[in-house]
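Notes for the one structure printed next.
The values are calculated or read from the model by the stated rules, or taken from the named source; none is laboratory data. This structure is a prediction, so every number in the text was calculated from the model and none was measured. Because the Cβ atoms are built from the backbone with ideal geometry, glycine has one as well, and the counts that use them run over all protein chains shown. Note: areas computed on protein heavy atoms with side chains; ligands, DNA, RNA excluded. Shrake-Rupley method; radii C 1.70, N 1.55, O 1.52, S 1.80 Å.
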Amino acid sequence: MLRQEKVDFARRAAADGMVLLKNENATLPISKDKKIALFGVASYQCFKLGWGSGDMLAQRIIQTNEALVDAGYTIEEQSDAINKAWIEEHATEYQRVNRNWAEWTFRFNEIEMPTNIIESSAKEADVAIVSVGRCSGEADDLKNEEGFYKLHADETSLIKRVSACFEHVVLVLNTCGPLDLRSVENCKIDSILYASMGGEQFGNAVADIVSGKVSPSGKLTTTWAKKYEDYPTCEGIDTIVVPYNEGIYVGYRYFDTFNVEPMYPFGYGLSYTTFEIEPYDFILDGPLVNFVTKVTNTGKMPGKEVVECYLSSPDGKMEKAYQDLCAYSKTDIINPGESEEVVISFDLTDMASYDEEAAAYVLEKGDYIVRCGNSSRNTKVAFVIRVSKDVLCTQVSNRFKQDDVELKLISKKGIASISYPNEKAEIENAKILDLDITSIEPTVCDKYEDTPDELIEATSNDKLYTLEDVWNGKASVEDVVAQFSNEELAMILNGVIYDSADANANVGSMAIKVRGAAGELWTSDKYKIPTNACADGPGGIRLSIFGTPEESDTDVCHEMVAYPSGTCFANTWDCSIAYKFGACICDDLEVSNIEGWLAPGINIHRNPLNGRNFEYMSEDPLIAGNTGAYITFGVQYDEDTRPTGRYVAIKHFACNNIEYERGITNSVVSERALREIYLKAFKIAVTTSGALTVMTAYNKINGQFASTSFDLLNGVLRGEWGFDGVVMTDWNPCSNSKEHSYAGNDLIMPGCHKKDILEGLEDGSVSKASVQKCAARILTLILRSNYVINDR
Ligand code: BGC
């Protein structure tokens, strides 16, 4: 692929991920004969991504001001409207900080550019665009304060001044996620575009929306509350023990069930045109639900629409949320007056609730209402599925008891959920389909017994088996592993780090083969184990700059593309865009000679202050899981579904939903919420995409480090979901390195714990059989990666 093709794609994806929140008086799009006055530092210096391992170096970031000029607009005399010298200084500082991990947390949130002639420029220009930028990143969270989740006083004052004297005002939010906009709620703002973080093509994507070249089609994947306190997770996020008292009521599941009015609901997003969605042809094939919707463009401009389907499950022994997203699909561009048929399918058993008493996924008896629309708060009842008695779908074991910390789970008892005027009548008149309960065979899905691994003994002959022999069918990986000394086993279980004496080598830039990449696996000439390197994402292939420019500020570094954020991709609700993104990443991996990509990140947006939310997809597990799955598929398979040999590490498994003290926090969560929300995203991504690796989270879950949790890794990931790839730790975990292999965590990254493993093997505190099993899986990864690449 040419770089330009990937850049064009990044621009298209960024525009498709932007969400139009408000558009009064048809202020957007703006015709080219209108003069625009541009305000706000983010109009001149955007946040392409947040900071930390999710950031990217970008050769050239397209800013909104230049993109609008390029698009043919006249921008009101900038030298008067803004302080140019200040912007230049600001840009230089941004570049410097961007390259320096030690200054990650530097943010530009507290600075608003000086403007002196707002009032006079209002006489010259027809429309004002004010951009607000908000950055966040790894190892730090936002605060519910001005300059963070709330607008800074300077931003509020700028918006107030601009809206007082301009006839038309557009607010562009170049933010890591939702903000509290109450300080400007009385301002006359016609249009609000949630542009999120659009990567290096940010400005062009904004210009495409502003000009109408692209009609907005992004939808929120996370609820925007009116105020922080409206989120059920607003308390206890800056403590070591984080109780998930909201249980299953995360995001819209809470807002809808507890009837809390959001500022903008989940699934919401406007277009420049309007659509009508009519569902018909409902078929139930066992638990498989299929139907068609006819989407008609009833407006005046071409555009795309998302068909969103929600399921309201009946209360039984278990409380249910008002609705859960069960399927969605995005149309192609539909011209005015034309229609497209969209086929929707989902498996009802995937929507079963987790019954902790039965340790099983159960469809409780009652009526399941299928709703269809273009936002969680704009749906109509499509039909009803009747389940005549409780159906046990999957039997597992409870694995995540909270021992020490008592949860105070919220309950919807006595609270009326949302409703709308015709809802009752719609339900009464809806077509009812009876589920044939005999079509559901209960499955027992609990294959991983806690039995000791068996030691692999070396065969007595003197032949040396190499990985090449395995590739050529002359030996098995076990034959190779059996020959490893304790020292070699300790080596292969750890990454290899760049000369630790080099003070410039830092987390995220430990690889030797490709400088600036995050890490690499053990290499051996003797066993023909080639070098296998991995680099961060999810914004692209992150090659960090360190040392001297000659050393690492290389052409390859600049060849990499900075794509939009994870949230921006998810906001497209478009699986084909996610797949294409994966294909672009695969190409970037090839260009940079790297095998593995430490992304996508699919942790749930549990709380809007989480510093890494921009990397993640959604508050909903279906969107998060699907987006992650399609990206993975694009990286790992080519158009003919042949393995590419490049691989992803789906991260951070699981419940790394806040950055505060992320190395040691304890996410205390009910088994039901864990399975229905937090693990479900990973289950979808891992089981549907064939991901080759998974990265564990730093935090604990119910008192046990995720990285050393047998139940999480061997129990659920491998045993229940059938994952047969490599599990790796996040970089330098706080968990006890001697416990990883037993739990099923194969690889300790980036490579600082060899001594512990060796010591454990020698004194017997680490099981050699478990270590061998991990080593075999790492070798299998190298076969599936390097050897496949060489063979292509
Ligand atoms: C981050 C990971 C990242 C790793 C390697 C850690 O600090 O949490 O997401 O992949 O560093 O850079």
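For the range 577-584, indicate whether the set of residues that are open to solvent by 10 Å² or more (accessible area, probe 1.4 Å), more than 16 Å from the ligand (Cβ to nearest atom), outside any loop (DSSP other than H, G, I, E, B) and touching a Lys or Arg at 6+ places or on another chain (Cβ under 6 Å) is non-empty. No, every residue in the range 577-584 fails to be open to solvent by 10 Å² or more (accessible area, probe 1.4 Å), more than 16 Å from the ligand (Cβ to nearest atom), outside any loop (DSSP other than H, G, I, E, B) and touching a Lys or Arg at 6+ places or on another chain (Cβ under 6 Å).
Identify, please: which residue in the range 471-494 is under 14 Å from residue 741 (Cβ atoms) and not β-branched (Val, Ile, Thr) and is, among those, surrounded by the fewest Cβ atoms within 10 Å (Cβ to Cβ)? Give the derivation first.
Filtering the range 471-494 down to residues under 14 Å from residue 741 (Cβ atoms) leaves 481, 484, 486, 489-494.
If we keep only those that are not β-branched (Val, Ile, Thr) as well, we get 484, 486, 489-491, 493-494.
Values: 484: 22, 486: 16, 489: 23, 490: 25, 491: 21, 493: 30, 494: 26.
Looking at the filtered set, the residue picked out is 486.
Every residue, every condition in (1) at positive phi; (2) assigned to a helix (DSSP H, G or I); (3) more than 15 Å from the ligand (Cβ to nearest atom), yes or no:
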position: 586; (1), (2), (3): no, yes, yes
position: 605; (1), (2), (3): no, no, yes
position: 609; (1), (2), (3): no, no, yes
position: 632; (1), (2), (3): no, yes, yes
position: 640; (1), (2), (3): no, no, yes
position: 649; (1), (2), (3): no, no, no
position: 655; (1), (2), (3): yes, no, no
position: 660; (1), (2), (3): no, no, no
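Summed over the range 66-90, residues that are open to solvent by 30 Å² or more (accessible area, probe 1.4 Å), at pLDDT below 80 and not basic (Lys, Arg) total 9. Among the residues of the range 228-248, the ones that are within 23 Å of the chain's Cα centre (by Cα), surrounded by fewer than 19 Cβ atoms within 10 Å (Cβ to Cβ) and farther than 17 Å from residue 409 by Cα come to 1 in all. Inclusion of residue 145 among residues that are without any contact (Cβ under 8 Å) to a residue 12 or more places away in the chain, of a type outside the set (Val, Ile, Thr) and open to solvent by 10 Å² or more (accessible area, probe 1.4 Å) is warranted.
Checked against (1) part of a loop (DSSP other than H, G, I, E, B); (2) out of contact with any Gly (no Cβ under 8 Å at 6 or more places or on another chain), residue 686 passes all but condition (1).
Mind checking which residues of the range 4-42 are assigned to a helix (DSSP H, G or I), open to solvent by less than 50 Å² (accessible area, probe 1.4 Å) and not acidic (Asp, Glu)? Correct list: 6, 7, 9, 10, 13, 14, 15, 41, 42. Highlighted here are the strands (runs of 3 or more DSSP E) found entirely within the range 233-317 that include at least 2 residues which are under 30 Å from residue 356 (Cβ atoms) and touching a helix residue (DSSP H, G or I) at 6+ places or on another chain (Cβ under 8 Å): 288-297.
Residue by residue, here is whether (1) of a type outside the set (Ser, Thr, Tyr); (2) in contact (Cβ under 8 Å) with a residue 60 or more places away in the chain holds:
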site	(1), (2)
745	yes, no
752	yes, yes
763	yes, no
770	no, yes
773	yes, yes
776	yes, yes
780	no, yes
785	no, yes
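Can you find even one residue in the range 49-65 that is in a helix (DSSP H, G or I), buried (at least 16 other Cβ atoms within 10 Å of the Cβ) and modelled with pLDDT of 90 or more? Yes: one or more hits.
When residue 45 is tested against (1) more than 30 Å from residue 598 (Cβ to Cβ); (2) buried (at least 19 other Cβ atoms within 10 Å of the Cβ); (3) not hydrophobic (A, V, I, L, M, F, W, C), only condition (1) is not met. Residue 13 meets each of the listed conditions (1) small (Gly, Ala, Ser); (2) modelled with pLDDT of 90 or more; (3) over 14 Å from residue 209 (Cβ atoms) apart from (3). Across the range 670-706, the qualifying residues are those that are within 13 Å of the ligand (Cβ to nearest atom) and free of Cβ contacts under 8 Å to residues at least 60 places away in the same chain, and the one among them that is surrounded by the most Cβ atoms within 10 Å (Cβ to Cβ) is 696.
Scanning the range 596-608 for residues that are open to solvent by less than 10 Å² (accessible area, probe 1.4 Å) and out of contact with any Lys or Arg (no Cβ under 6 Å at 6 or more places or on another chain) turns up 596, 597, 598, 599, 600, 602, 603, 604, 607. It is to be established whether one or more residues within the range 728-750 are assigned to a strand (DSSP E or B), over 27 Å from residue 635 (Cα atoms) and within 16 Å of the ligand (Cβ to nearest atom). Taking every residue of the range 728-750 in turn, none turns out to be assigned to a strand (DSSP E or B), over 27 Å from residue 635 (Cα atoms) and within 16 Å of the ligand (Cβ to nearest atom). Taking the criterion of being under 16 Å from residue 201 (Cβ atoms) and either more than 16 Å from the ligand (Cβ to nearest atom) or at pLDDT below 90 (or both), the residues of the range 551-561 that qualify are 558, 559, 561. Against the numbered list (1) part of a strand (DSSP E or B); (2) in contact (Cβ under 8 Å) with a residue 12 or more places away in the chain; (3) at positive phi, residue 337 comes up short only at (1).
Within 22 Å of the chain's Cα centre (by Cα) and not aromatic (Phe, Trp, Tyr): which single residue out of 38, 68, 28, 57 fits that description? I'd like the intermediate steps shown before the answer.
On the way: 38 fails: within 22 Å of the chain's Cα centre (by Cα); 68 fails: within 22 Å of the chain's Cα centre (by Cα); 28 fails: within 22 Å of the chain's Cα centre (by Cα).
Residue meeting the stated conditions: 57.
Note on the range 177-222: residues that are among the acidic types (Asp, Glu) and crowded, with 22+ Cβ neighbours inside 10 Å total 3.
Given the structure, is residue 667 of a type in the set (Gly, Ala, Ser), assigned to a helix (DSSP H, G or I), over 14 Å from the mean Cα position of the chain (by Cα) and within 16 Å of the ligand (Cβ to nearest atom)? Lay out the reasoning, then the answer.
Values: of a type in the set (Gly, Ala, Ser): yes; assigned to a helix (DSSP H, G or I): no; over 14 Å from the mean Cα position of the chain (by Cα): yes; within 16 Å of the ligand (Cβ to nearest atom): yes.
When the stated conditions are applied, residue 667 does not pass them.
Could you list all residues from the range 182-202 that are closer than 15 Å to residue 20 by Cβ and either in a loop (DSSP other than H, G, I, E, B) or of a type in the set (Val, Ile, Thr) (or both)? Full working, then the answer.
Residues of the range 182-202 closer than 15 Å to residue 20 by Cβ: 189-196, 198.
Result: 189, 190, 192, 195, 196, 198.
In the range 270-286, the residues that are open to solvent by 60 Å² or more (accessible area, probe 1.4 Å) form Cβ pairs under 7 Å with partners that are modelled with pLDDT of 95 or more and hydroxyl-bearing (Ser, Thr, Tyr), at six or more places apart or across chains, as follows: 274/298; 276/296; 276/298; 278/293.
Total residues in the range 354-381 satisfying the condition of being open to solvent by 10 Å² or more (accessible area, probe 1.4 Å), among the small types (Gly, Ala, Ser) and not in a loop (DSSP other than H, G, I, E, B): the figure is 1. Looking only at the range 722-735, residues that are touching a helix residue (DSSP H, G or I) at 6+ places or on another chain (Cβ under 8 Å) and either open to solvent by less than 30 Å² (accessible area, probe 1.4 Å) or hydroxyl-bearing (Ser, Thr, Tyr) (or both) come to 8 in all.
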